[in-house]
1. Could you check the range 150-177 and list, in sequence order, the residues that are in a loop (DSSP other than H, G, I, E, B) and in contact with a helix residue (DSSP H, G or I) (Cβ under 7 Å, 6 or more places away or on another chain)?
2. Scan the range 63-78 and tell me whether some residue there is in contact (Cβ under 8 Å) with a residue 60 or more places away in the chain and in a loop (DSSP other than H, G, I, E, B).
3. Any residue that is under 19 Å from residue 185 (Cβ atoms), free of Cβ contacts under 8 Å to residues at least 60 places away in the same chain, assigned to a helix (DSSP H, G or I) and not assigned by TED's automatic domain parsing to the domain that holds residue 74 - is there at least one of those in the range 132-146?
4. Looking at residue 105 and the list (1) touching a helix residue (DSSP H, G or I) at 6+ places or on another chain (Cβ under 6 Å); (2) free of Cβ contacts under 8 Å to residues at least 40 places away in the same chain; (3) under 27 Å from residue 79 (Cβ atoms), which single condition is not satisfied?
5. Out of everything in the range 88-120 that is closer than 23 Å to residue 17 by Cβ and surrounded by fewer than 17 Cβ atoms within 10 Å (Cβ to Cβ), what residue ends up being modelled with the lowest pLDDT?
6. Restricting to the range 20-60, count the residues that are surrounded by 15 or more Cβ atoms within 10 Å (Cβ to Cβ), part of a loop (DSSP other than H, G, I, E, B) and in contact (Cβ under 8 Å) with a residue 12 or more places away in the chain.
7. Given 119, 109, 186, 147, which one is closer than 19 Å to residue 26 by Cβ and in contact with a strand residue (DSSP E or B) (Cβ under 8 Å, 6 or more places away or on another chain)?
8. Could you list, ordered by first residue, the pairs with Cβ atoms under 7 Å in which the first is in the range 7-19 and modelled with pLDDT of 95 or more and the second is in a loop (DSSP other than H, G, I, E, B), at least 6 apart or interchain?
């Protein structure tokens with residue numbers, strides 16, 4: 001079965017003024033859609049791999065046929081990263097996480113503010129295009145990592161919980177070269193309820 005572009009779970013303008021409607025429209029309908037289409041094109045060369053889930057493809061990337069491995073990494077990673085990105089934002093976002101996720105963040109990073117600072121540094125400091133992620137590692141610990149381009153944390157043995165896209169197409173219409181301002185605005189739209197659900201699922 002071909003991979004499909006998931007619908008945006010809110011209107012294009014729902015994250016205003018922090019992320020503008022035109023950026024959301026282009027980002028979802030053009031950029032994300034292109035990753036899905038190019039992933040399907042690559043998998044069409046190996047039908048036995050086309051039936052595998054996105055998570056299976058990325059967690060077993062080294063086993064993907066060599067002639068499509070790069071495309072699966074780039075376009076499958078882009079599809080996976082963006083699918084998480086849309087869901088972990090929302091019009092009623094912001095605030096601070098509580099419960100098990102809030103406790104885990106405090107345990108791993110001393111405080112929520114320290115976590116935000118480390119995450120923001122990863123996002124602002126990623127050279128060129130890429131992502132900053134809060135992930136769960138194999139030992140069950142929360143970690144902040146940044147990845148180049150559309151590389152997925154799944155391919156690195158991590159479980160992605162919250163990601164921030166720092167490709168220029170994600171923010172340039174509104175923020176131009178002011179990536180740190182975009183990173184700061186992101187905290188106003190984080191859907192911590194969704195992130196907490198991902199954390200619980202990742203913990204098993």
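1. Once the filter is applied, which keeps residues that are in a loop (DSSP other than H, G, I, E, B) and in contact with a helix residue (DSSP H, G or I) (Cβ under 7 Å, 6 or more places away or on another chain), the range 150-177 yields 150, 151, 152, 166, 171.
2. To start, the set of residues in the range 63-78 that are in contact (Cβ under 8 Å) with a residue 60 or more places away in the chain comprises 73-78.
Now narrow it down to the ones that are in a loop (DSSP other than H, G, I, E, B): none.
Within the range 63-78 (the criterion being in contact (Cβ under 8 Å) with a residue 60 or more places away in the chain and in a loop (DSSP other than H, G, I, E, B)), the answer is no, since none of the residues qualifies.
3. Here is the first cut: in the range 132-146, the residues under 19 Å from residue 185 (Cβ atoms) are 132-134, 144, 146.
Filter once more, so that each one left must be free of Cβ contacts under 8 Å to residues at least 60 places away in the same chain: 132-133, 144, 146.
Of the ones still in play, those that are also assigned to a helix (DSSP H, G or I) are none.
No, every residue in the range 132-146 fails to be under 19 Å from residue 185 (Cβ atoms), free of Cβ contacts under 8 Å to residues at least 60 places away in the same chain, assigned to a helix (DSSP H, G or I) and not assigned by TED's automatic domain parsing to the domain that holds residue 74.
4. Checking residue 105 against (1) touching a helix residue (DSSP H, G or I) at 6+ places or on another chain (Cβ under 6 Å); (2) free of Cβ contacts under 8 Å to residues at least 40 places away in the same chain; (3) under 27 Å from residue 79 (Cβ atoms), the one that fails is (3).
5. 92
6. Residues flagged as surrounded by 15 or more Cβ atoms within 10 Å (Cβ to Cβ), part of a loop (DSSP other than H, G, I, E, B) and in contact (Cβ under 8 Å) with a residue 12 or more places away in the chain within the range 20-60 amount to 1.
7. Every option except 186 fails the conditions.
8. Final answer for the pair search is 10/90; 10/91; 14/91; 15/91; 15/189; 18/188; 18/189; 19/189.
The values are calculated or read from the model by the stated rules, or taken from the named source; none is laboratory data. What you see is a predicted model, and the numbers here were worked out from it, not measured in a lab. As a convention, Cβ positions derive from the backbone with ideal geometry for all residues, glycine included, and neighbour counts pool all protein chains shown.
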